[in-house]
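Everything below concerns the one structure shown next.
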Amino acid sequence: MSNPYTSSEHLLPSWVEDDSKSECCGWERVTCNSTTRHVTELSLDNLKSSLGNPYYYTPETVAEVWSLNVSLLEPFKELRSLDLSLNAIDGWIVDEGFKRLALLKNLETLILDENDFDDSILPSLSRLTSLTTLSLANNQDLGLRGNGEGGWESLSRLENLEILDLSFCFLNKSSILQSLAAIKSLKNLNLAGNKLTGSLPINGTDNWQVENKINPSYNMSSRYAMSNDILDTISLVDLANFSKLEILDISENLFTGSVSPSIRELFSLKALSLSSNELNGTLPTREFCTWKKLEELDLSLNGFEGILPPCINNMTSLRFLDVSENHFKGDISSYVGASQTSLEYIDFSYNQFEGLFSLSLFANHSKLEVIRFFNENKKLEIETENPAGWVPLFQLKVLQMTNCSLNKLASNIPTFLLDQHELEELRDNFFMGHLHFQLQQHTYMSRMDVSKNQMVGKLQENIGKMYPNLNYLNLSRNHFEGNLPSSIGDMTILEALDLSFNEFSGEIPRELASNASWEMDLNLAFNNFHGQILLEQLKSTLTLQMSGNQFTSILPMVNSTYSHLSYNFHGQILLEQLKSTLTLQMSGNQFTSILPMVNSTYSHLSYLDISQNDISGVIPKGLIGNITNLVALIMANNSFYGQIPCDLSAIGTLDLSHNLFIGSLPVCLNLPKLEHLYLQGNKFTGSIPKGLFNFSSLLTLDMRDNSFSGSISIEIKQLQDLKVLLLSGNHFTGIIPNQLCLLKMISIMDLSNNAFYGTIPQCFHNIYFGKIGATNFNYFIRESGLMNLDRVPYMYKGLLEKSVEIYRSFGYLDAEVKIEFGSVLVHMSGLDLSCNNLTGGIPLELGQISSIIALNLSHNQLDGTIPKTFSNLALLESLDLSHNSLSGEIPSVLIDLNFLAVFNVAYNNLSGKLPDMKAQFGTFEKSSYEGNLFLCGPPLDKSCSKVNESYPTPTQSSNAGDKKWYQVDPLVFRTSFLVSFIIFFFTVMSLLYINHYWLQRCYNFMEDLIYSCYYFVFDTSKRLSNCLCNI
């Protein structure tokens, strides 16, 4: 089973060749019959996985495909189960092919998931007539690289096949489903993720239309990573041919229309998933009621409407019911019956249910674990106290009732929660009041999440003693207050504690993290904590968030064996002793200074945020020591001054904005891996150093609101990955270089409020401006530890093999890049050249930037007309051309800009009738057009009829063609002037030649003029000579 690319010795250490003493039944991944000692099961999945990660398959760990020598399986005559999944097998060695599998007469289960097989293996598989389970999921080449020689029809020979998984493949045969219908024994059919389109079948004449489309953005939580595409129109046989089907999964497709009544033919169904399609209409009530054996029903993520079939409350076998994210309405009480005691998971979220629902209806549902009632219309009222004192038989693990009017009369926390000993998930509810924990100790509970409620009051002093084995506790986004109980220190295996966005106060108890047996993540952000923090408390923190409090200092670990500082530094941050911390967020406090990493060879710090404090002075040399993996260094909104030290480094984000730095950027600054550089709001001067253009990984360059000067160097073309360029509010001069057009990845370019002159480069249309990806950048990127803090408090896995996961995470740190263009809100793509000295016309090519959202050319000296090509900017939301010298009419085709929210052409020389007040132009006011004397029509007070009377000449001229009365074509003007001059000259000469009298008078006039000029010059020169002689 070895392959040429990786070795499986680390996975199969006991598989020893030529060892007569070795007993194969004792080998890993081998199961034998206890009597005959023949091998019955082989689990040879993921043999190419990397050492140290033996059961995880990724494209990085398995890059090459390989061929299998099937003859090695021949000796296993009694083999009943074979798993070859996750091996990237694309075929077999010549003459050792899958035909030899036919010798495995007893094989019942064959798992070939996630390989690279094509349909040429199907005829060989059809010889395995003993098969009851066949899984070919996620074989991407099963149809795309097939030879199309009747492979699917051969599967009809598998008369014993009961389970068939064809999910997430690229199938392309029109006869596939007809062939599957011929397998009379089929009980479990999985066609999920095939992107099938069309309507569900009514009878044998119905079609399932399939779209030839791959969705690259599809993101699955399961191990399957690709989508299917069946390419033909498939005519299905009557659903009666699937009468034995018990499990049908056609989720994650593109089916449309309503569910046909012929669905009743599937009367043996135990599990049905229609999730994640585009189905709509009402459900066929009578047909649904025929499913007496139904255990799992998933209708989520569709467009169903109307009421649910009332017979659902009589389905006594129903365990899983998910109708979330549809348009169902009505009273939920009619769908919950006393006989549904098998229910384990129920989700009515994101529908239009209304009325009053009492949770006491679930009182006898002893197996119930999950209740979810996310509500959008806020018309659903949920009562938990009626009747008073009811005691449930269930033990919930997840309870979510977001946007429901909970206990409208009492507005308190449900009392039945006091009897819930296994409840882990209470987030996103509107529970109000005090949180009272049970008095007994709960040693079995490992996690608790009550975040995003409206709970108030203080925590019980003994909370840590009641839940000593919690490893995850989230109390964030409530209204808890008071001091933290010291008993939290008794939670010795706590991995994550989130107390953010509350009203806790006081100092942090010494016991908070000092008793932790391993590293933890601690979020104290946005409370009222104050005072000092002992580093002894932080020695085990991986992630520390303490923003938005009133901390003043961090005290050193006096007794720490690795501390070399034994005195207090009031108001200082001691980075040296945060030995294990990966993430440190300390923004928004009252720290006044920071001490550097004197000896940081052991530090793993990857994120440091000290922004919005009272820190002043120069950045200390060696601030971060020798740390090489610092992903983000955020020092914004302090009072740092002086120059940037050359040893400052970060590989992700460096934010020095809104400080008091002065002088030029240091030439010695070397940050080749930096991605985001923020320098806004300082007092930097000089030009952009050429060394900055060597930051080849740079995505964001923000130098706004400084005093930089000079021109933009042509070397800027080296920043090929740049997406955001912000240079506004400086003193840059010169022309805008064409080299900017080589930065094709740019989404936002802001050169406003400078002194650029010349014309707008025509090549700007070569820039993508948002065509490929958004420009939201997080300070906190994937290398940081917080990305590993996702919690999965509950997972339901049923007959459909569909995992229902409720992900929760621990306070992510993020700060989006927010760019504003004038009064326009944040945009994902835009060009701002306003407030410069640009001249010339607006290039027609700007109309080719189809993805741009904001364009601002205001406050320049641009002339000419507004290009009609702007009508091609279909996504444009803001267009500002005000305060220029533009002329002509406003193109009426701009009415086609359906997303245009801001339009300003004020203070130009525009004329003519304004575009009709239709679509977005019906929303623009007078202020958009003021300062243009010759514009007329609503919303202006000047009507176009009055303009015709006042200015007849221009109007008449404009009726003759597109040219306006005040516009002169230079070529026409020069030509007409030259012709007129020639005609005039020859006319005068002809008259003089014909009339001798006029000719003689002309000669006499010229002679008199010559003599007069001669004597004038002679007399003047003689007088000047006499004057000089007398001197």
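The values are calculated or read from the model by the stated rules, or taken from the named source; none is laboratory data. Please read all numbers here as calculations on a predicted model, not as lab measurements. Here Cβ is always computed from backbone atoms with ideal geometry, including for glycine, and neighbour counts include all displayed protein chains. Remember, those area values only see protein heavy atoms, side chains included, never the ligands or the DNA or RNA. Shrake-Rupley method; radii C 1.70, N 1.55, O 1.52, S 1.80 Å.
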What full-extension length gain, to one decimal in nm, is calculated for D916 and N377 as 0.36 nm per residue of separation minus the Cα-Cα distance? 190.3 nm
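Counting Lys and Arg as +1 and Asp and Glu as -1, what is the net charge of the other residues whose Cβ lies under 12 Å from the Cβ of D655?
Counting the neighbours of D655, the net charge comes to -3.
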Rg/Rh ratio calculated on Cα atoms of the range 308-374 (Kirkwood radius): 0.92
With every protein chain left in place, what is the accessible area of T415 in Å² (1.4 Å probe, nearest 10)? 70 Å²
I'd like the FRET efficiency for E715 and V972, computed as 1/(1 + (r/R0)^6) with the beta carbon distance as r and R0 of 51 Å, rounded to 0.05. 0.70
Packing-wise, with mean Cβ within 10 Å as the measure, how do 931-941, 357-367 rank, highest first? 357-367, 931-941
Residues other than H859 with Cβ under 12 Å of its Cβ, Lys/Arg counted +1 and Asp/Glu -1, net out at -2
The equivalent-ellipsoid semi-axes of the range 851-935, taken as the square roots of five times the Cα gyration tensor eigenvalues and listed largest first in whole Å, are 18, 14, 12
Average accessible surface area per residue within the range 624-724, 1.4 Å rolling probe, Å²: 36 Å²
Between T35 and Q762, the two model label points (7 Å from Cα along the beta-carbon direction) sit apart by a distance in nm of 8.9 nm
The local net charge around M635, scoring Lys/Arg +1 and Asp/Glu -1 for residues other than M635 whose Cβ lies under 9 Å from its Cβ, equals -2
Expressed in nm to one decimal, what extension gain is obtained for the pair V1017 and S871 from 0.36 nm per residue of sequence separation less their Cα-Cα distance? 45.8 nm
Please arrange R372, R286 by accessible surface area, largest first, computed with a 1.4 Å probe and ligands excluded. R286, R372
HN-Hα J in Hz across the range 476-491 - Karplus 6.51, -1.76, 1.60, θ = phi - 60°, x for Gly and Pro: 5, 6, 10, 10, 5, 9, x, 7, 6, x, 5, 5, 4, x, 7, 7
So who's got an amide H within less than 5 Å of the one on F504, skipping anything under 5 residues away but keeping other chains? H placed 1.01 Å off N, in plane. N528
Given R₀ = 35 Å, FRET efficiency for F899-N469 by Cβ-Cβ distance, to 0.05? 0.05
Checking rank on 854-861, 255-262, 699-706, with mean other Cβ inside 10 Å and highest first, the result is 854-861, 699-706, 255-262
Leaving out ligands, DNA and RNA, what percent of the accessible area of the range 325-403 is carbon and sulfur, probe 1.4 Å? 47 percent
Would you work out what percent of the accessible area of the range 659-770, with all protein chains in place, is carbon or sulfur (probe 1.4 Å)? 50 percent
Karplus 3J(HN,Hα) series, Hz, for the range 338-346 with 6.51 cos²θ - 1.76 cosθ + 1.60 (x for Gly, Pro): 5, 7, 7, 6, 8, 4, 10, 9, 9
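Highest first, please rank the peptides 37-43, 81-87 by the mean number of other Cβ atoms sitting within 10 Å of their residues. Present the calculation step by step, with values, prior to reporting the outcome.
Details: 37-43: 16.7, 81-87: 22.0.
Highest to lowest by the protection proxy: 81-87, 37-43.
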Which whole-number value in Å³ per residue fits the convex hull of the alpha carbons of the range 347-405? 72 Å³
So the FRET efficiency between E278 and I307, C-beta based with R0 = 25 Å and rounded to 0.05, is 0.75
Overall form of the range 967-1023 per C-alpha gyration tensor (a/c, 1.5; a/b vs b/c): oblate
Return the subset of K270/K292; K270/K329; K378/K452; K329/K452; K673/K717; K452/K797 for which the Cα-Cα distance in this structure is over 19 Å, preserving the input order. K270/K329; K329/K452; K452/K797
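Using a/c under 1.5 as the rounded threshold, could you call the range 613-743 rounded, prolate or oblate? The axes a ≥ b ≥ c are square roots of the C-alpha gyration tensor eigenvalues, and prolate needs a/b larger than b/c, oblate otherwise.
Oblate, because a/c is 1.5 or more while a/b does not exceed b/c.
Between C646 and D863, what length in nm is gained on full extension when 0.36 nm per residue of separation is reduced by their alpha carbon distance?
Extending this stretch completely gives an extra 73.5 nm.
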Rank these residues by their accessible area, most exposed first, probe 1.4 Å: S882, S713. S713, S882
